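First comes the structure, then the notes that go with it.
The values are calculated or read from the model by the stated rules, or taken from the named source; none is laboratory data. Bear in mind that the values here come from a model prediction, so they are computed numbers and not experimental data. Neighbour counts run over all protein chains shown; Cβ positions are idealised from the backbone, glycine included. What goes into the accessible areas is simple: the full protein's heavy atoms, side chains included, and nothing from ligands, DNA or RNA. Shrake-Rupley method; radii C 1.70, N 1.55, O 1.52, S 1.80 Å.
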Amino acid sequence: MSHSTKTASRNDWNSSVRIHRTALTAPAGKHDNDGFAAYDLKIADGKIAAVTPGDPAADQRDFHIATPLFVDCHTHLDKGHIWPRNPNPDGSFMGALETASADRIANWSPSDVEARMEFALKCAWVHGTKAIRTHLDSAPPQDRISWPVFNAVRERWKGRIDLQAACLFGIDQARDDTWFRSLVALVKDTGGVLGAVTFMVPDLDELLDKMFRTAIDHGLELDFHADETDDVNAVSLERIASAAARHRYEGRILVGHCCSLARQPDDAVKRTLDKVAAAGISIVSLPMCNLYLQDRRTNATTPRWRGVTLMHELKARGVNVCVASDNTRDPFYAYGDLDMLETYRMATRIIHFDHPVADWPATAFANPARAMGINAGLLDPGMPADFIAYKARSHNELLSRPWMDRAVYREGIPQSAALPQYSELDPLMEPLT
C-alpha cells in the first residue's frame, strides 16, 4: 500500500488506500463513478483507529484497493471436496443429489467430515474470509455425526473464522415429530439455525407453519433452500414469505437459490417480491453453483438461461441481497475454493453487478453480515483491523485478473499462510485415475 508510515507496534500504521463507499457506515470521501475514493487508513492496537478522506489529487499509481474480510453466508463444509472419490456423473441436479447421498452414506464418518471441513476452512482463511455459515446435512443418522464435528471445528477456529451452522433436510422429513424435535434440540444446543430444503409438497404450508412455530418457540433463526429449479410451478419462496407474515415472525430469515423466480410470469414475480420485502427476508444467490447445475440438458444442448434469481429486482424492493460460495468440489459444483473474490467476480459477470457498480460490492461483505446477524463486512473505526489489500487501483483492475494479488490483514498484521495442497485429502479419496 502507498504512503505507509509504521509506528512502534507491528500492527500500528497508516496507509493510503482506495475504499468502496459500501465498506463504510459514513463514507465521506470523493467517490468515483464506481464508488471508490482515496482514504487514509490508520491502524492502532490491532483496530481501525480512523478512516479519513485522502487527497484525491495525490498520485494514485500505487494506491491499493482495500476491502473488509469476506462474509460467506451459504456454504456446505460437510460436502466439500468429495469430487475426487464421487464426481457428478452427468452434471445434473439429480446426479448431484444421488451422488452426494451415496457418498454420505458410505463415507461421512466424523474423521472424514472433520478433515474436509478443516481443509475448506484453511482455504477460506488464506483467501480472506471472516465468517462462514455452513449447512449441515441432518437427515438421520448424519445429524448425530456432523453436528458434534461442527462444534469441535468451530471451537478450534474460534477467533479466526466465525462459524455458524444451519440444519439441512427435505422439509417433508419434518412430518416425523419425534425426529424433528430431537433435531431442533440439537440445533438449539449448538446455537445453530433452523433450516430446510423446501419444495412443492402438498402440505408445504403446514410444514412451513411447523418450522415457523418451532423457530418462534425456541428463539431460532431460519434458513431455507428454495426453488432450485427452472420449474415455474416452484413457488416455495412466496409460501415462505406468506408464512413469515402469517406468524408475524421477527427473526432473521435467509433464503438461498430462488432460481425459478426468474422463470415465472411477471404478476407472480411482483407478488412474490412484495411479500419477500415486507417480510424482511434476505436472499442469497449462489451464482457459480446455479450456473453449473441449472438448465443442464444433454451434451448436445447448450444451456439457455443463467440459473440465478432476480437480484436487481429484489434489491430495487429494498431486499437485503447477498452472494455466497455454496458448494465446493462436490457433485453440486465441481469447482471452487471458498474464495469469495471469485464468487463476487463471477457474480458481477453472470448477474451484471456493474454499469453501474452502485452498491453491489456489499453483497459479499456487509449484506451477508447483516443476514447472519454479525458485526463484520465494514471498515469502520473501532472495528478490528481485518481487511484485504489488493494490487489493484480500480474495480475493473480488481475483477479482470482471476487470481488478483491480495494481502490479508487480521488485527493489522499481514498473514502469511499458504493454500493447502490437495494431496492433504488423498488419504480420504479413492486412487485418482
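With springs only between Cα atoms under 10 Å apart, run a GNM on the chain and tell me which of 238, 342, 250 wobbles the most.
The residue that fluctuates most here is 250.
5 Å is the cut-off here: which amide hydrogens, built 1.01 Å from N in the peptide plane, fall below it relative to residue 131, excluding neighbours closer than 5 in sequence?
72, 162
How big is the accessible area of residue 182 in square angstrom, nearest 10, if you roll a 1.4 angstrom probe over the protein chains?
Only protein atoms counted, so the area is about 40 Å².
For the chain, modelled as a GNM with alpha-carbon contacts under 10 angstrom, which of 106, 417, 165 fluctuates the most?
106
Label points 7 Å out from Cα along the Cβ direction at residue 400 and residue 317: separation in nm?
Result: 3.7 nm between the two label points.
When the chain is fully extended, how far beyond the present Cα-Cα distance does residue 295 get from residue 423, taking 0.36 nm per residue of separation?
42.8 nm
Subtracting the Cα-Cα distance from 0.36 nm times the residue separation, let me have the gained length for residue 216 to residue 98 in nm, one decimal.
39.1 nm
Roll a 1.4 Å probe over the protein chains and send me the accessible area per residue for the chain in Å².
42 Å²
Can you give me the P(r) profile for the chain? Cα pairs, bins 10 angstrom wide beginning at 0, each as a whole percent.
4, 22, 31, 26, 13, 3, 0
I need the phi-derived Karplus couplings for the stretch 310-324: 6.51 cos²θ - 1.76 cosθ + 1.60, θ = phi - 60°, integer Hz, Gly and Pro marked x.
Working through the residues one at a time gives 8, 5, 5, 5, 5, 4, 5, 8, x, 6, 6, 10, 9, 10, 8 Hz.
Could you give each residue of the stretch 382-391 its phi-based ³J(HN,Hα) in whole Hz, using Karplus coefficients 6.51, -1.76, 1.60 with θ = phi - 60°, and x for Gly or Pro?
Listing the rounded values in order: x, 7, x, 7, 9, 7, 10, 10, 10, 7 Hz.
Which value in nm describes the separation of the simple spin-label points at residue 352 and residue 139, placed 7 Å from the Cα toward the beta carbon?
With each label point 7 Å from Cα toward Cβ, the separation is 3.9 nm.
Can you tell which of 14, 299, 233 shows the greatest fluctuation in a Gaussian network model of the chain with Cα springs below 10 Å?
Judging by the Gaussian network model, the answer is 299.
Rounded to whole Hz and in sequence order, give me ³J(HN,Hα) for the stretch 332-344 from the Karplus expression 6.51 cos²θ - 1.76 cosθ + 1.60, θ = phi - 60°, writing x for Gly and Pro.
Going residue by residue, I get 7, 7, 6, 10, x, 8, 6, 9, 5, 5, 4, 4, 5 Hz, with x marking Gly and Pro.
Calculate, for residue 28 and residue 176, the FRET efficiency according to 1/(1 + (r/R0)^6) with r their C-beta to C-beta distance and R0 56 Å; round to the nearest 0.05.
Taking R0 as 56 Å, the efficiency between residue 28 and residue 176 is 0.50.
Would you pull out the residues with amide H under 5 Å of residue 170's amide H, same chain only if 5 or more places away, H placed 1.01 Å from N?
197
Among 57, 44, 68, pick out the residue whose Cα is farthest towards the positive end of the charge dipole of the stretch 39-95, where Lys and Arg carry +1 and Asp and Glu carry -1 on C-beta, about the Cα centre.
Checked the options; the winner is 68.
So what's the stretch 185-226 giving for Rg/Rh, alpha carbon basis, Kirkwood Rh from the mean inverse pair distance?
Using Cα coordinates only, the ratio equals 0.99.
Set the Förster distance to 45 Å, then compute FRET efficiency between residue 269 and residue 335 from the Cβ-Cβ distance, nearest 0.05.
It comes out at approximately 0.90.
In debye, nearest 20: dipole of the chain around its Cα centre with unit charges on the Cβ of K, R (+) and D, E (-)?
860 debye
Taking the Cα centre of the stretch 144-275 as origin, sum charge times position over the Cβ atoms of Lys and Arg (+1) and Asp and Glu (-1), and report the length of that vector in debye to the nearest 20.
That gives the stretch 144-275 a dipole magnitude of about 600 debye.
Nothing charged except the Cβ atoms of Lys and Arg (+1) and of Asp and Glu (-1): what's the magnitude of the dipole of the stretch 208-289 about its Cα centre? Round to the nearest 20 debye.
260 debye
Could you give the longest part of the chain that holds none of the chymotrypsin sites (Phe, Trp or Tyr not before Pro) found in DSSP loops with at most 16 neighbouring Cβ atoms within 10 Å?
1-304
If I take every Cα pair under 8 Å that is 6 or more residues apart in the chain, average their sequence separation and divide by the length, what percent do I get for the relative contact order?
It comes to 23 percent, rounded to a whole number.
Collect residues whose amide H, placed 1.01 Å from N in the peptide plane, falls under 5 Å from the amide H of residue 324; neighbours closer than 5 in sequence don't count.
285
Need the full-extension length gain, residue 391 to residue 407, defined as separation in residues times 0.36 nm minus the C-alpha distance. One decimal, nm.
Net length gain for the segment: 4.9 nm.
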